[in-house]
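Data first, discussion second: the structure below is written as structure tokens.
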Amino acid sequence: MSDIQNMIDELRAFVEERDWGQFHSPENLAKSVAIEAGELLECFQWSGEGDREHIAEEAADVLSYLLQFFDKTGIDPVEAFESKMRKNREKYPVELARGSTVKYDRLLKKRG
Ligand SMILES: [Mg+2]
């Protein structure tokens, strides 16, 4: 079994033991991803360097809610990732995007 599925199973058990599934609508989980991403960003609020342990904890919170979102919605995280990476490769061809921060819509106009 994949590491991702093991993490999802562990999260599912954690939530079931506490009867928290009733609070975990896709909307609430999506909000929680954003809230935890804000907490991750807060680590860098007043300086470019945050406390590594705190950063790791907040990144893990983002990942936990994101995995629960995938589980709740029945979206396969590996398939979603691979599909999006295929699209990203098309949107950002190496020959146009390498070393550039230009967004894909402007980048592809350059190619015509
Ligand atoms: Mg947190």
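Could you state how much accessible area Phe14 has, in square angstrom rounded to the nearest 10, with a 1.4 Å probe and all protein chains kept in place?
Its accessible surface works out to 90 Å², give or take rounding.
Taking springs between alpha-carbon atoms closer than 10 angstrom, which of Pro77, Pro26, Pro93 fluctuates most in the Gaussian network model of the chain?
Highest fluctuation among the options: Pro93.
Show Ile55, Ile35 ordered by accessible area, largest first, where the area counts protein heavy atoms only and the probe is 1.4 Å.
Ile35, Ile55
Normalising by the residue count of the chain, find the relative contact order in percent from Cα pairs under 8 Å and 6+ residues apart.
Taking the mean separation of contacting Cα pairs over the length of the chain, I get 25 percent.
Return the Rg/Rh ratio of the chain with Cα-based radii and a Kirkwood Rh.
1.07
Where in the chain lies the longest segment free of trypsin sites (Lys or Arg not before Pro) that are both loop residues by DSSP (not H, G, I, E, B) and have at most 15 other Cβ atoms within 10 Å?
The longest uninterrupted stretch comes out as 1-97.
In nm, to one decimal, how far is the Phe44 label point from the Arg89 one, both placed 7 Å along Cα→Cβ?
2.8 nm
Taking K and R as +1 and D and E as -1, what net charge do the other residues with C-beta under 12 Å from the C-beta of Asp71 add up to?
-2
Have a look at Asp71, Asp61, Asp51 and tell me which one the Gaussian network model of the chain (Cα, springs below 10 Å) gives the largest fluctuation.
For the chain, modelled as a Gaussian network with Cα springs under 10 Å, the answer is Asp51.
How many Lys pairs in the chain lie less than 30 angstrom apart by Cα atoms, where the lysines are 8 or more positions apart or on different chains?
Going through the chain pair by pair, I get 17.
Quick one: how many Å² of Glu95 are accessible to a 1.4 Å probe, rounded to 10?
140 Å²
Can you give the helix-only mean residue ellipticity at 222 nm for the chain, where every DSSP H stretch with n ≥ 4 adds -39500 (n - 2.57) and the sum goes over all residues, rounded to the nearest 500 deg cm²/dmol?
Using -39500 (n - 2.57) per qualifying helix, the result is -23500 deg cm²/dmol.
Who wins for biggest fluctuation among Leu67, Leu40, Leu96 in a Gaussian network model of the chain, springs between alpha carbons below 10 Å?
Highest fluctuation among the options: Leu96.
The values are calculated or read from the model by the stated rules, or taken from the named source; none is laboratory data. What you see is a predicted model; the values in this text were computed from it and never measured. Because the Cβ atoms are built from the backbone with ideal geometry, glycine has one as well, and the counts that use them run over all protein chains shown. Surface areas here come from the heavy atoms of the whole protein model, side chains and all, with no ligands, DNA or RNA. Shrake-Rupley method; radii C 1.70, N 1.55, O 1.52, S 1.80 Å.
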